[in-house]
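Quick notes on the structure that follows.
Any read-out appearing in this document is the output of simple, stated calculations on the displayed coordinates, not a laboratory observation. Note that this is a predicted model, so its numbers are computed, not measured. Cβ sites come from the backbone with ideal geometry, for glycine too, and all protein chains shown count toward neighbours.
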């Protein structure tokens with residue numbers, strides 16, 4: 001009995017503890033429910049709307065490239081793409097049909113977009129991805145050349161002031177109807193615009209998107225969709241121009257709506273967007289007016305190049321390679337475009353620019369320089385004590401060397417001729433003899449080691465080094481050396497290769513007091529974030545110690561080449577303000593598989609060269625003109641250079657007012 005009573009007491013004790021524990025549990029649960037529903041209700045209500053966090057990479061604006069006067073040569077402009085997230089497109093057929101009715105999509109485009117949405121909705125991953133379904137909606141710029149368009153109220157369309165075409169403003173149409181198109185959005189991005197089109201393409205270069213392999217090699221520094229420079233300054237200064245990407249971070253609600261992180265509780269408030277840092281702007285040394293003059297002068301030929309240097313600073317004032325290409329010429333025109341139709345142009349294969357390497361920058365490509373090399377041979381002979389002003393030689397039209405006849409371009413010869421006339425009349429025999437006496441290694445020393453021909457010039461963009469052969473080079477490459485190779489080298493033939501840029505640099509050293517300057521295209525780099533400007537100072541790569549009297553002999557010969565009756569470029573003289581230079585006609589016969597009769601005949605012609613400086617009495621500008629398979633240098637290349645000198649004189653007439661001879665107002669008008 002007593003035991004039973006004790007058991008009952010123990011049971012009642014356990015029951016009380018159990019009740020207390022249950023009440024405590026319910027109390028805790030009730031308090032938690034109160035906190036979740038009442039105290040933190042708004043917080044969890046907001047979190048319930050969250051679908052996922054979105055991180056969009058923001059491309060920075062690529063730095064602009066300007067000419068020396070501040071005119072834009074390359075810059076970024078904004079274009080818009082049509083994008084969508086398949087999961088949030090509620091009624092795909094209805095929404096796509098609406099875009100078609102608005103003139104944003106064509107029938108074929110609409111069908112493709114609808115198919116894309118249908119397929120993506122069945123893929124668990126792709127259904128939440130933002131897909132770009134149409135690039136480059138027509139907006140404020142002409143889809144053909146990115147020129148800013150004007151709005152015509154009468155037709156409610158955009159009109160391009162350049163081509164005259166009319167366009168529907170697709171971007172504005174989509175923007176105004178986004179409320180009818182859930183899941184569909186506009187996505188802005190920057191594209192590269194080159195207002196000068198093909199005029200400066202080789203110097204400025206171009207950009208395009210990175211490949212998958214480049215993304216992988218970059219260790220996430222690059223992402224799909226990034227653009228990088230592929231040639232010219234765009235490539236050389238890509239890191240400075242590209243800038244630093246930013247990141248747009250936000251939360252996507254369950255209904256597809258964008259929710260800014262500052263409207264959300266922790267931990268979403270820690271998600272912060274970072275703005276991109278714009279790339280640096282680059283000002284080039286290029287003078288667009290001089291560039292245009294050079295391009296116009298070359299236009300009548302199939303292929304060629306012009307380089308114009310400031311003799312004192314090494315600034316590249318013009319760099320033209322012909323034919324050229326148009327970088328970033330157009331974006332894809334959207335539906336509703338009504339541009340004026342362009343009739344098809346039928347070009348004979350022999351004249352098609354594509355057959356003449358338009359992507360190659362011939363200003364920094366190496367070719368046999370012909371008689372323009374004789375200036376270096378002359379200086380070498382003077383410095384080695386093998387030539388003098390009064391040294392005469394007889395030219396019967398050829399030079400017999402070890403049983404081989406080396407011919408002069410003037411088949412009946414120049415007769416007895418001295419050094420200065422040998423330069424102005426370009427007597428080959430005179431230089432064959434100097435070349436034999438100098439030997440190929442001495443010629444190579446003065447051309448390459450002193451005047452830098454055959455080595456990289458140091459310009460910012462990619463270039464060919466060229467070649468000045470030596471006896472050792474022949475023994476290694478061809479396993480034999482013949483003394484006659486020195487004769488060919490002395491007149492810039494045989495295996496000698498030089499770029500127009502390298503020849504211009506060497507001639508600049510002749511006329512500027514012996515300073516071999518580093519040619520440069522970049523004048524200034526501007527940081528838009530800090531406002532800092534970094535100017536590129538002239539750089540003397542080498543001081544050439546040649547007596548002034550030797551340089552004067554060479555300059556007298558070059559003056560005679562242009563300004564005397566028997567000079568090889570006498571037909572191009574400018575009596576009002578003389579320039580001087582040396583012609584070159586380089587044998588360069590080629591064969592190309594598949595070339596037709598007309599092109600094959602062109603390939604058999606000589607290269608035409610002219611390298612000169614002006615004004616003759618006060619050298620400021622050095623011009624190297626090269627016409628590929630153009631023929632005689634004095635007849636073809638020298639007139640090209642003359643056009644460049646004319647343009648330069650017209651722009652700097654006041655600086656040379658004391659040098660003009662018989663200058664009249666009507667003459668200036670012609671020069672201009």
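Observations on the model:
- Bridges between two residues of the chain, per DSSP, are antiparallel at a rate of about 95%.
- Angle between the chain longest axis and helix 548-563 axis [Cα atoms, degrees, rounded to 10]: 90 degrees
- Cα centroid separation - region 392-408 against region 475-509, whole Å: 20 Å
- Relative packing of peptides 224-233, 180-189, 314-323 - highest average C-beta neighbours within 10 Å first: 314-323, 224-233, 180-189
- Highest to lowest packing among 355-368, 600-613, scored as the average C-beta count within 10 Å: 600-613, 355-368
- Gain in span if fully extended, residue 300 to residue 248, counting 0.36 nm per residue against the direct Cα distance: 13.6 nm
- Measuring between their Cα centroids, region 532-592 and region 625-645 lie 13 Å from each other.
- Applying 0.36 nm per residue to the separation of residue 354 and residue 101 and subtracting their alpha-carbon distance, the gain on full extension is 87.0 nm.
- MRE, 222 nm, helices only [DSSP H, n ≥ 4, -39500 (n - 2.57), over the chain, to nearest 500]: -9000 deg cm²/dmol
- Each label point was placed 7 Å from the Cα along the Cα-to-Cβ direction; for residue 535 and residue 292 their separation is 2.7 nm.
- Entry note, region 516-610: relative contact order of 18 percent, from Cα contacts under 8 Å with a spacing of 6+ residues.
- Nearest 10 degrees, 0 to 90: helix 92-101 Cα axis against the chain principal axis: 40 degrees
- Each Cα pair under 8 Å and six or more residues apart adds its separation to the average, and for the chain the resulting relative contact order is 13 percent.
- Label-point separation, residue 214 to residue 388 (7 Å along Cα→Cβ), nm: 6.1 nm
- Peptide packing for 407-414, 467-474, 555-562 was compared via the average number of neighbouring C-beta atoms within 10 Å per residue; ordered from the highest value, the list is 555-562, 467-474, 407-414.
- Projected label distance in nm at residue 326 and residue 221, using a 7 Å step from Cα toward the beta-carbon: 3.4 nm
- Three-way shape call for region 76-194 based on the alpha-carbon gyration tensor, with the a/c threshold at 1.5: prolate
- In degrees, nearest ten, helix 288-298 long axis to first principal axis of the chain (Cα): 60 degrees
- Net length gained if the chain between residue 126 and residue 591 were fully extended (0.36 nm per residue, minus Cα distance): 162.0 nm
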